[in-house]
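Take a look at the structure set out below.
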Amino acid sequence: MANDELLPAVIQLLDEGHTVTLPLRGYSMRPFLENMRDKALLQKPTDIRIGDAVLAEIGPRHYVLHRIVDIQGQHVTLRGDGNLNTEHCLLSDVKATAIGFYRKGRSTLDSTTGNKWRTYSWLWMRLLPLRRYLLAFYRRIWLKLFKPI
């Protein structure tokens, strides 16, 4: 099912108070979250902060799961961990917050409030000037040597 059909139904479930586990599609959150391998556990957003991984509608029926890098009033700036460019939306366009990820086929949740995720997030957000080179190394060398599961 296409994201523009699936995600409105997911958002409806979140609005009803449910959590939703969503398989991830795309490469914008590389190197730590991988296309069709990892899953995100989502909940309705409550206290949105810089550094949060959120599901946001950045255009009509165009959704991304990216990290918040800035909030100015009602305006939110997002960037995928594997991206160099940013996207923008309003606070009202943030539809879900990731409360954890199931990575590498594991059944245990990497919680976004855990030390592992918080340390990674803090470090990765500060490596922005070096990301271009780190991501190039990851794409051109690492993935050829160690294919994702």
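General observations
- Where strands (runs of 3 or more DSSP E) sit wholly within region 58-149, those with at least 1 residues that are free of Cβ contacts under 8 Å to residues at least 40 places away in the same chain and open to solvent by less than 60 Å² (accessible area, probe 1.4 Å) occupy 62-72, 75-79, 87-90.
- A search for C-beta distances below 9 Å between a residue of region 14-40 that is part of a strand (DSSP E or B) and any residue that is surrounded by 15 or more Cβ atoms within 10 Å (Cβ to Cβ) and hydroxyl-bearing (S, T, Y), counting only pairs 6+ apart in sequence or on different chains, returns T21/Y102; K39/Y102; A40/Y102.
- Filtering region 44-57 to residues that are touching a residue at least 12 places away in the same chain (Cβ under 8 Å) and part of a loop (DSSP other than H, G, I, E, B) leaves K44, P45, T46, I48, R49, I50, G51, D52.
The values are calculated or read from the model by the stated rules, or taken from the named source; none is laboratory data. Since the structure is predicted, the reported quantities are computational estimates derived from the model, not experimental observations. Neighbour counts run over all protein chains shown; Cβ positions are idealised from the backbone, glycine included. In case anyone asks, the SASA skips ligands and DNA or RNA and just uses the protein heavy atoms, side chains included. Shrake-Rupley method; radii C 1.70, N 1.55, O 1.52, S 1.80 Å.
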